[in-house]
Amino acid sequence: MKKFLISLPKLLLSLSLCFVLSSCSSTGVKMGETSPWETIQFEDQSNALDIDFIDDNHGFLVGSNRLIMESNDGGKSWEKRSLDIDAEENFRLLDIDFKGSEGWLIGQPSLVMHTIDEGKNWTRLSLGKLPGQPFLVTTLDEGVAELATTSAAIYTTSNSGVTWESRVSDPSDQGGIRDLRRNPNGNYVSVSSLGNFFSTLDSDSKTWVAHQRASSKRVQSIGFNPKGNLWMLSRGAEIRFNEDSNDLESWTKPLVPILNGYNYLDMGWDPNGNIWTGGGNGTLIVSKDEGKTWTSDPIASNLPTNFIKIQFFEKDQLKDKKGFILGERGYILKWIG
């Protein structure tokens, strides 16, 4: 009897765990035999935060500690560059975006730079007192760009950054963001700073619309798939998809491919339609059947890094298919198909 009473709490815990997992779809993950990625490791162990290409060969990578690197061979090799900013200013360069020879670069705290000659020269612009810090920038046309901040404020310029016009009526309702994405149609989606709700902004609207998260788990990140529908990564390594853009309260059953104690941080679709999801401690998994089953990438699993951003490029200027996964401590992965 005493032995039974001692084991009873363990039994209840096991039953509770089974109940929780039964409400999710846990597919199990095997190690893949091959990988479409090759590893690039930089001597500078600053974290890469964004990457973009002007054409098939010429591109830039930016990151923490003022990191900016340039490639002229399609991303096979990279060389460090510098910006004309004071040495004592230590910026996190968050986002870089080009359309043709014109590009924009943003960083924190309060850095916006503009180039019209493929990054040979950069001009630093004065922002004034905008709510929040720069978070995302999009080059739209000659002299035209859109800038989003950590306060979910969005500004547009049509004169190369001389003046900016607010696109959102009252961004303060969002209370700050932890993630924000824009799709090619000009629609935005953001996650609140606490991860307790997400919001959407249509391209023809000036008002963010708040939505409840899909479960009690806080939202880690959110974004658009190639068709324009949303995906969501939540704490507890949960993956969800929204299959109806007209009903943002309806989400698929949560997928939990692997439980290793690390959350997923980003998701992306490669040119073959495969879904890649990356996260902490070298976690990188892929689904070739729209999320039904997953395999772990054998190259990524051996790397001592956290994968924080997955990028595949679709630009008119690019003939070659490109993809990169940005990791911490000087690691990135280059897609070789």
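Since every read-out is calculated from the coordinates, none of them should be taken as a lab result. Just so we're clear, the structure is a prediction, and the values are computed from it rather than from any experiment. Neighbour counts are summed over all protein chains in view; Cβ atoms, including those assigned to glycine, are modelled from backbone coordinates with ideal geometry.
Quick look at the numbers
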read-out	value
Three-way shape call for region 131-247 based on the alpha-carbon gyration tensor, with the a/c threshold at 1.5	prolate
Förster-model FRET efficiency, 41 Å R0, A210 and D316, C-beta, rounded to 0.05	0.75
Rg/Rg_ref, the chain, where Rg_ref = 2.2 N^0.38 Å and atoms are Cα	1.05
Student exercise, region 26-335 dipole from Lys, Arg, Asp, Glu Cβ charges, in Debye to nearest 20	980
Degrees, to the nearest 10: 2-22 long Cα axis against longest axis of the chain	40
Over 17 Å [Cα-Cα, region 179-297], rounded percent	53
Loop-located trypsin sites (Lys or Arg not before Pro) in region 223-288 whose Cβ has at most 11 other Cβ within 10 Å (DSSP)	K227
Rounded if a/c under 1.5, otherwise prolate or oblate - region 232-337, Cα gyration tensor axes	oblate
Sorted by Cβ neighbour density within 10 Å, fewest at the top, the residues S166, S82, S296	S82, S166, S296
Candidate lysines - alpha carbon under 19 Å from K321, same-chain residues fewer than 8 apart omitted	K76, K99, K227, K288, K309, K334
Residue-averaged 222 nm ellipticity for the chain, from DSSP H runs of 4+ at -39500 (n - 2.57), nearest 500	-2000 deg cm²/dmol
Relative contact order (percent, whole number), region 26-335, Cα cutoff 8 Å, 6+ residue spacing	16
GNM top mover of V286, V29, V137 - the chain, alpha-carbon springs below 10 Å	V29
